[in-house]
Structures are given as C-alpha cells and as structure tokens.
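First the structure, in the form of structure tokens, and then the observations on it.
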Amino acid sequence: MQIALKERDFMKTNLGRSNMNTINIRRHPDSGYDAWLAFAGIDKDGTIYSHTLPESIYTFGRDPLLDTARDELKCALKLLTGKMPKVVDSPAKSGSILLEILAGPVRTDSFVPEEEWNKLGSEGYIIKYCNTASGKNLLITAKTGAGVLYGVYALLRLVQCGTLTQDIYLLENPVTGLRMLNHWDNLDGKIERGYAGSSIFFEDNKFIMDLSRIRDYARLMASIGLNAVVMNNVNVHKTETNLITSAFLPKVAKVAEIFRKYGIKTFLSINYCSTMEIGKLDTADPLDEGVKSWWANKAKEIFETIPDFGGFLVKADSEFRPGPFTYGRNHAEGANMLAAALEPFGGLVIWRCFVYNCTQDWRDRVTDRANAAYDNFMPLDGLFADNVLLQIKSGPMDFQVREPVSPLLGGLKKTNFVLEFQITQEYTGQQRHLCYLAPLWKDVFDFDTYRDGAGSTIASLLSGAAASGRLSGITAVANIGNDMNWTGHDLAQANFYCYGRLAWNPGLSSEEIAKEWVIQTFGCNPHLLDTITGMLLESHHIYESYTSPLGIGWMVNPNQHYGPNVDGYEYSAWGTYHRADHEGLGVDRTVAAGTGYAGRYNKPVSELYENPKTCPEELLLFFHRVLYKQKLKSGKTLIQHIYDSHFEGTGKAEQLVIKWSGMKDLLPPQTFERVLNRLAEQAKHSKEWCDVVNSYFYRKSGIPDNKGRQIY
Ligand code: GCV
C-alpha cells in the first residue's frame with residue numbers, strides 16, 4: 001500500500017456525516033472539522049516520505065479499546081492510501097500490522113522480550129517491525145487496549161510526518177496518569193470563556209441530542225493521548241448542581257459511554273453545597289455526619305449508573321463559590337470528606353487551589369493575590385487523602401500572557417497535584433489573535449523548582465510522582481465549542497493539539513509539535529510547513545509584545561478580558577494591579593520591601609527573583625517596581641522598551657497577514673479566508689493595544705519616544 005496521494009486530494013472528497021456506528025471521518029473538507037485527523041494523504045509535490053505499509057490488520061487480545069484502535073487504523077489507512085486494509089484472523093503472511101495487548105511477556109511467540117515489556121506502563125506502547133516465521137510485520141504492542149489505541153495514533157502520525165522507517169523502534173509512556181480537559185460549559189449551552197460557539201454537550205438546560213459530535217471530539221482527544229474530561233463548568237450554578245441527580249445521571253452515563261470507547265474517563269464539577277441545594281440538609285459542614293452520609297450515598301448512586309466514573313472537580317471558597325470556610329473548616333477537611341465518599345469506588349477528588357480574596361481593597365499594598373494559593377494550601381501539605389489531587393493553575397495569578405510558575409507546584413511535597421493550563425485564550429487574544437501556547441507551557445514544564453535539589457523541573461515532579469505510584473496529572477481549560485472548526489480560529493486547533501502532545505510528553509519541542517500539527521492538518525508542502533510553523537512559533541512573543549509589558553499582566557477590559565484597558569483592573573477588588581504612576585510601574589514582591597511573594601520559592605529561585613539584577617527580564621515588573629528611566633539589559637530605558645516592543649509587536653502582527661496571504665494557492669479557500677479574517681482583526685486590534693498602552697505611559701511619564709513615532 002503505497003502512500004503518495006496528492007496534497008489537495010482532501011479538497012475533492014465527499015462530505016461525510018458522522019453517525020454513532022461508523023467512524024466516518026469527514027464532514028466537510030474545507031470546514032476545519034476534521035482538524036488533524038483528516039488523513040488527507042501525503043503531498044506529492046512536496047513529498048518528503050514514501051513508505052510501503054502493510055495491507056492487513058491482525059489483532060491479538062480482547063478489549064473494546066482494541067476494537068476502537070483497529071477501526072481507527074482501518075479508517076485512517078483507507079483515507080491515507082485509498083485502499084481499505086483487510087482485517088485478518090492470523091498474521092499468516094508478512095505485511096500485516098499486528099495490534100496486540102500483551103498482558104505478560106510469557107508467550108513463547110512474543111516479539112517483546114521481558115525487559116522491554118517491563119518498561120511499558122499501563123498506557124504505553126511499543127511500535128517496531130518484527131520478523132515472524134511468515135515474514136515481516138509491523139507491531140504495536142501494549143499492556144492495555146488504551147496503549148494500543150495511543151500506539152495506532154502514533155503510527156499514523158509517523159506515517160504522515162514521514163518518520164516511519166523500516167528500523168522504527170518507539171517505546172513511549174505518558175509522563176503522567178491523568179491527562180485531562182476541563183470544560184467550562186453550562187447547561188444552557190453557554191461556555192464561560194468560550195470563544196468557539198456554544199457547548200457540544202448542552203443546550204437549553206438539556207443534553208444535546210445528537211451525540212456524534214461528542215464522539216468526534218473523543219477521537220480528537222484520544223489521538224493526542226488525553227484520557228479524562230470534565231464536561232461542566234467549575235462554577236456550578238443552580239441547574240448544573242442537578243447533574244448528579246437522577247434527572248441527569250443517565251444522560252451523563254450516555255456521554256461517558258462515548259468517551260469510554262476512546263479510553264476517556266468522565267468527571268463532573270460539583271457544587272460544594274449540594275447537600276443543601278439538592279439534598280435538603282441545612283448544612284454543608286464537612287465534619288457533619290449527615291453531610292458525610294449524603295455524599296456517600298450520592299457516590300454510590302453515581303457509580304451504580306457510571307461504574308468507571310472518574311470523580312469530582314471542586315471549586316470551593318473561590319470567586320463566591322461556597323466551600324468549607326463557611327463552617328470554619330479548611331480545604332483538607334472539605335476535600336477529604338468527598339474523598340471518603342468516592343474512595344470505595346475508586347473515584348478521585350480534584351480540588352482547585354484558585355483561592356484568593358476577590359474583594360480586596362486596591363489601596364491595600366500588603367495583601368497580594370499572587371501569595372494566595374501558596375498561603376492557603378502549603379500549611380495543609382500532607383493532610384489530604386490519597387485520592388485527592390490539588391489542581392494548581394500554572395501561574396499564581398490567572399493564565400496571563402506571562403507570569404511566573406506557581407510556587408505551590410514546587411512547594412508541596414506530600415500532596416498529589418494536577419497542573420492546570422488554559423487552552424481557551426481568555427487573556428491571550430480570545431481566539432481572535434494567533435497565540436500558539438506551546439512555548440509558554442514548555443517554560444512551565446522546564447521550570448526548575450529545586451524542590452528536591454537542582455533538576456526538580458515541573459515535568460520531573462510529574463514523572464517522579466507517576467514512577468513512585470502517586471497520583472498526578474495535567475489538565476487544561478478546553479478551547480473548543482460547536483463552531484464547525486471547533487476552535488473559532490482554525491490555527492487555535494494547534495493549541496488543543498500541542499496541549500495533548502505535551503501532556504503526554506513535555507520533552508517534545510514547540511517546533512516539532514507545530515510541524516506535526518501543520519503536516520497533519522494542511523499537508524507537507526515545504527513552503528506552507530515552514531511558514532505556518534514559523535507563524536505559530538513567533539505568535540506568543542508577538543502577542544506579548546503589544547499587550548502588557550514584562551510580566552505585569554492584565555490591562556484588559558474588565559469582565560470580558562478582551563482588548564486594552566490599562567487601568568481596567570487598577571482600582572478594582574480583584575487583586576491585579578500594575579501600580580503605575582508618573583515615575584514607574586511594577587509590583588514590589590520582594591521579601592525585603594514588598595509583598596514577600598519572591599520568598600515563596602525554594603532557593604536559589606527565590607534569590608534570583610528577589611534581586612532585580614538577576615530577575616528574568618520578562619518577569620521584571622511582576623517582581624519589582626521599576627522607574628521609566630531605569631535601563632534594562634538591552635541598554636534601553638524601561639519606557640523606551642515599552643514603546644519599542646509595542647510598535648514592533650503590531651508591525652509583526654501585520655506581517656502575519658502578509659505571510660498568510662502568500663499561501664492563498666496552497667490552502668483550501670474557506671480555511672484561507674477564515675484565518676485571513678482573524679489575522680486582519682488581530683493586526684488592527686494590535687494597533688489599538690499599541691496606541692492605548694503607549695499613550696497611557698507617555699501621558700503618565702511625560703517622556704517622549706526617542707524615535708519620534710506617533711503616540712497620542
Ligand atoms: C470559571 C478566572 C476566569 C473565570 C473562571 C476562573 C476559574 O477568574 O475569569 O471565568 O471561572 O478564572 O478558573 O475558576
């Protein structure tokens with residue numbers, strides 16, 4: 001089966017309609033719906049690869065996920081090669097792909113020696129060619145059906161990226177056991193911070209009838225190694241509180257059934273006060289016996305309906321959500337009560353650490369929101385039950401374009417944790433601006449916390465937890481909705497994709513993930529590959545340079561968080577201040593003279609941040625108050641840096657339009673137009689950012705731009 005289809009073959013294919021019984025991948029070739037699973041074939045003009053693939057598939061073992069893996073492989077190969085592979089009942093001849101679940105390295109005909117098998121985790125896989133008595137076959141082996149499924153998607157990726165060779169040997173395990181997506185979807189269909197249409201789960205306070213879109217979503221998730229989903233918003237309002245009642249549980253079970261076929265566990269966000277809102281109790285005190293037994297019964301009911309239910313995600317005592325503080329109890333007492341209810345069934349409690357004072361007085365310079373998660377949870381380290389994981393946002397504030405890594409991640413030693421990212425671009429351009437987030441997330445994974453000495457990067461804390469049998473995980477707020485192309489901005493699909501790839505393997509580079517995504521989404525024409533990859537890689541820096549400077553964050557319009565408003569949050573209660581005056585700006589978070597936040601890090605990181613000379617410049621204003629006339633490492637003054645970076649950023653945003661326009665003939669027409677429109681909006685809007693921010697600081701400082709450019 002020779003792979004050498006034309007680059008634009010996918011333009012000519014029929015529209016497919018997904019239904020629940022068959023995997024029918026395409027809906028509309030130019031809609032963005034197929035995302036990176038279009039299997040459009042290899043670009044002939046820019047051929048980088050040609051490989052003869054086995055023409056039949058043989059499976060060994062029994063598991064529903066093995067069936068999913070086989071069907072996915074069949075379907076994808078048909079699309080890639082134009083030829084439907086045969087499913088055979090023995091690998092009699094050479095030229096088969098063997099998909100096998102190997103429960104133990106005991107079979108005499110096993111192609112996987114014991115020492116190799118021992119290296120496989122429960123979701124890992126091996127891909128290699130093996131010589132059987134009958135000839136050469138391509139093998140995907142795993143200990144579970146999930147492992148085989150991930151191996152199949154990996155194989156398809158290799159094929160498309162041109163990296164499947166005759167001597168291929170790939171043994172992969174995910175870095176952590178829980179690789180999750182959080183949806184902030186409400187039952188009325190609206191998505192909090194959603195920028196790609198409405199919910200794919202809910203509408204009009206009901207579950208959506210047509211579940212095929214959820215199935216297609218599960219495919220996208222599994223293809224990048226994700227294995228858990230929370231379908232409802234962490235802000236659990238009145239109607240959503242009922243998701244754990246008999247009115248909704250059977251429907252949750254239906255959705256869970258779809259996800260299960262792709263190895264994905266279903267979780268729900270719950271209302272901490274459910275005992276009062278739906279349970280008719282007059283308290284939610286976690287130490288109250290009535291509360292404990294209500295939750296124990298509730299857990300039993302849920303697991304009777306959904307036997308592999310994942311557990312609860314809880315936002316408590318945060319942004320006006322109820323929690324244990326009302327009863328004078330702490331977070332450990334709250335979480336452990338729920339954990340005890342779920343424990344008999346293997347359920348988890350994922351407890352969010354996004355807890356801070358959102359009714360702060362802006363005049364108060366002592367209270368610092370950045371300290372809040374650390375100060376609330378560090379004293380509780382070691383007090384949480386084994387089936388509790390603390391969910392910690394990657395930074396101490398709230399998914400800004402730049403902030404330091406949360407010190408809580410490198411502080412906790414005896415508590416399980418889940419690292420939380422945000423794919424939905426709340427503060428990074430709301431999917432109207434291009435902002436590829438892999439470089440930002442890589443910085444988080446690579447950050448050395450020094451928790452256990454040098455080399456205690458966030459990635460190694462996650463893998464270390466997994467190796468020692470502790471629970472750990474990575475989650476992110478999803479960026480998808482019911483827009484045909486899932487993410488509004490077609491290029492924002494790259495963020496969904498790179499999140500999954502990094503949650504599986506944080507060691508991948510931003511560039512290699514971008515390239516994989518471009519090839520699988522648009523084909524491998526070299527010009528297109530280089531240009532789109534380049535655009536993705538520079539996009540975070542571009543966005544950062546025309547928005548808030550040097551780590552200070554915010555400066556957005558209140559509530560909706562789109563667009564420049566330098567003082568939008570300056571005199572508010574949310575704890576997010578830049579403290580600009582006529583001399584300078586920035587928050588002093590030093591131990592010596594500021595809020596003490598820098599001291600929450602382990603040494604030597606705390607010392608690095610404490611000193612403005614060693615503090616990384618991109619975070620300078622987060623940690624220090626700096627005068628406009630002060631020189632930066634570049635030799636420029638702070639004010640000149642602000643002017644220059646904003647002018648440069650908006651100039652580069654204009655370049656993005658030009659770069660994209662140059663690919664008109666290489667891209668499907670509607671995709672081309674959709675992205676062009678977004679890039680044009682970005683360019684225009686970046687100018688708004690540039691002019692508002694530069695004018696603000698010019699007016700505050702009275703210092704003109706030394707290049708004499710127009711500032712208002
Ligand atoms: C779901 C920020 C967002 C809120 C979000 C909250 C959270 O404050 O603006 O919309 O609420 O984070 O993560 O809980």
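Here, each number is a calculation from the coordinates, and none is a lab measurement. Bear in mind that the values here come from a model prediction, so they are computed numbers and not experimental data. We place every Cβ from the backbone using ideal geometry, glycine too, and count neighbours over all the protein chains shown.
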Over all distinct Cα pairs, what is the inverse of the mean 1/r for the chain, reported as the Kirkwood hydrodynamic radius in Å?
26.7
Shape descriptor, region 265-324: equivalent ellipsoid semi-axes (Cα gyration tensor, sqrt 5λ, whole Å, largest first) stand at 20, 16, 8
Mind putting a number on the dipole of the chain about its Cα centre? Charges go on the C-beta only, +1 for Lys and Arg and -1 for Asp and Glu, and I need it in Debye to the nearest 20.
860
Spelling out what I want: for every residue of region 689-706, take phi, set θ = phi - 60°, compute 6.51 cos²θ - 1.76 cosθ + 1.60 (Karplus), and round to whole Hz; glycine and proline get x.
4, 4, 5, 5, 5, 5, 5, 4, 6, 5, 5, 5, 8, x, 9, x, 5, 6
Strictly greater than 20 Å: what percent of every Cα pair in region 540-656 meets that?
46
Rg (Å, one decimal) plus Dmax (Å, integer) for the alpha carbons of region 172-225?
13.3, 43
Average projected area of the Cα convex hull of region 178-508, in nm²?
16.3
I need the peptides 272-282, 449-459 ranked by packing, meaning the mean over residues of other C-beta atoms within 10 angstrom, with the highest value on top.
272-282, 449-459
Taking the Cα-to-Cβ direction at MET378 and at LYS136 and moving 7 Å from each Cα, how far apart do the two end points lie in nm?
5.8
Looking at this model, which pairs from LYS315/LYS393; LYS261/LYS300; LYS206/LYS238; LYS603/LYS629; LYS86/LYS136; LYS613/LYS633 are more than 19 angstrom apart at the alpha-carbon?
LYS261/LYS300; LYS603/LYS629
Hey, what did region 178-508 get for relative contact order, percent, Cα under 8 Å, at least 6 apart?
19
Karplus ³J(HN,Hα) for region 276-287 (6.51 cos²θ - 1.76 cosθ + 1.60, θ = phi - 60°; Hz, whole; x = Gly/Pro) runs 8, 7, 10, x, 6, 8, 9, 8, 10, 4, x, 9
Given labels modelled 7 Å from the Cα in the Cβ direction, how far is it in nm from ASP446 to SER212?
4.4
Sequence-distant residues sharing a close amide H with ILE474 (under 5 Å, placed H)
LEU178, ARG179, MET180, LEU419
HN-Hα J in Hz across region 603-608 - Karplus 6.51, -1.76, 1.60, θ = phi - 60°, x for Gly and Pro:
5, x, 4, 4, 5, 4
Once you keep just the Cα pairs under 8 angstrom separated by 6 or more residues, what percentage relative contact order results for the chain?
12
Treat each spin label as a single point 7 Å out from the Cα along the C-beta direction, and report the LYS664 to GLU116 distance in nm.
5.2
